[in-house]
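The values are calculated or read from the model by the stated rules, or taken from the named source; none is laboratory data. Predicted, not measured: the structure shown is a model, and the values here were computed from it. Positions of Cβ are backbone-derived with ideal geometry, glycine not excepted, and every protein chain shown enters the neighbour counts.
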Amino acid sequence: MDSSNNTDYSPISFILAGIPGLEASHIWISIPFCVLYITALLGNCTLLFIIKMDRSLHSPMYFFLSMLAINDIGLSLTTLPTMLSIFWFNSHVINFDTCLAQSFLLHTFSLMESSVLLAMAFDRFIAIHNPLRYASILTNQVIVVIGMAIVVRVTALEIPLLILLKRVPFCRTRLLSHPFCFHSDMLKLACGDTRISNLYGLFVVVSTAGIDSVCILLSYMAIIKTVLRISSREPLKALNTCGSHICTVLIFYIPMIGLAAVHRFGKNAPPVVYFLMGNIYILLPPVLNPIIYSIKTKQIQRAVLRIFRTK
């Protein structure tokens, strides 16, 4: 499939990377990855089921948590087919339009996760800064508007990126660095002028994940400032409600920064580094988020016990 001498500027396919040197062991390597995907899907589906079944969890905090779980399910399902096709059927070839669609969905769900984390930070700020008006500020209608704004914001920013990538000519090797399609990875293979695509891609990341991370940091600075004014044991009690969210923020942004650093500065990095960083970025949040909230949130633990006792 080497297309270095190909003059066709619209490639019909790309080649997805497996684990270099371990192709013979792909079946065995697929076992832990399958376990991780099943854990992510079951964990987030269980979280949604618990929140739906227990009326005591029908509050803004858990509605935002439901958005996070739905987003994590979408993120997992986006990459699952190509991962399994590589491991089980040694099928590395992906159609250009399919790769484009996967890239769009992958980045859309990823940036939506950042936006949902910002909404959850806003929720915690309101709960601690103005608890008496919490329910009147974050009404169901407001939560629906926030959810729709997240979808519209990210989708509107991602569609031009899709169009720009569709118009870029490709005439180099079509081998990608990951077992799924990243925008920056695809753009490396272009042979035309990619400055507009690169600049707009940077604008999308800065205007979403960049702004979101700064706003989350500012919200926690305001939360700490508010908590320090509270007397007795209330500060610790208030901060405990933020522990799960802080962990979730860290396991999302740290792999994102790591993957960006590998693509930006790791030109001579071994292929396995790209494989590992890409999978950590995609799989870590969906796997760990439901576990973190189940362990650190007593309301969810009580809800699980109530459901089992009812059964």
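Data table
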item: Qualifying positions in segment 96-140 - touching a strand residue (DSSP E or B) at 6+ places or on another chain (Cβ under 7 Å) and modelled with pLDDT of 90 or more; result: C99
item: Selection count, segment 77-95, where residues are farther than 16 Å from Y281 by Cα and either without any contact (Cβ under 8 Å) to a residue 60 or more places away in the chain or surrounded by fewer than 18 Cβ atoms within 10 Å (Cβ to Cβ) (or both); result: 9
item: Lone unmet requirement of (1) within 23 Å of the chain's Cα centre (by Cα); (2) touching a residue at least 60 places away in the same chain (Cβ under 8 Å); (3) farther than 30 Å from I224 by Cβ for L187; result: (2)
item: Candidates F180, F125 - the one that is in contact (Cβ under 8 Å) with a residue 40 or more places away in the chain, not charged (D, E, K, R) and not in a helix (DSSP H, G or I); result: F180
item: Checking T194 against (1) among the β-branched types (V, I, T); (2) touching a residue at least 40 places away in the same chain (Cβ under 8 Å); (3) closer than 24 Å to A261 by Cα, the condition it does not meet; result: (2)
item: Residue match in segment 155-174 (condition: touching a Cys at 6+ places or on another chain (Cβ under 7 Å), surrounded by fewer than 21 Cβ atoms within 10 Å (Cβ to Cβ) and of a type in the set (K, R)); result: yes
item: Residues of segment 202-221 satisfying the condition of being exposed (fewer than 12 other Cβ atoms within 10 Å of the Cβ) and of a type outside the set (A, V, I, L, M); result: none
item: Residue in segment 36-57 that is in contact (Cβ under 8 Å) with a residue 24 or more places away in the chain, farther than 22 Å from V204 by Cα and outside any helix (DSSP H, G or I) present; result: yes
item: First in segment 257-270 and outside any loop (DSSP other than H, G, I, E, B), second anywhere and of a type in the set (D, E), Cβ under 8 Å, 6 or more apart; result: H263/D185
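One line per residue, one yes/no per condition, for (1) at pLDDT below 85; (2) in a helix (DSSP H, G or I); (3) touching a Leu at 6+ places or on another chain (Cβ under 7 Å); (4) of a type in the set (A, V, I, L, M):
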{"residue": "I143", "(1), (2), (3), (4)": "no, yes, no, yes"}
{"residue": "I150", "(1), (2), (3), (4)": "no, yes, no, yes"}
{"residue": "V154", "(1), (2), (3), (4)": "no, yes, yes, yes"}
{"residue": "L157", "(1), (2), (3), (4)": "no, yes, no, yes"}
{"residue": "K166", "(1), (2), (3), (4)": "no, yes, yes, no"}
{"residue": "T173", "(1), (2), (3), (4)": "yes, no, yes, no"}
{"residue": "D193", "(1), (2), (3), (4)": "yes, no, no, no"}
{"residue": "G201", "(1), (2), (3), (4)": "no, yes, yes, no"}
{"residue": "V204", "(1), (2), (3), (4)": "no, yes, yes, yes"}
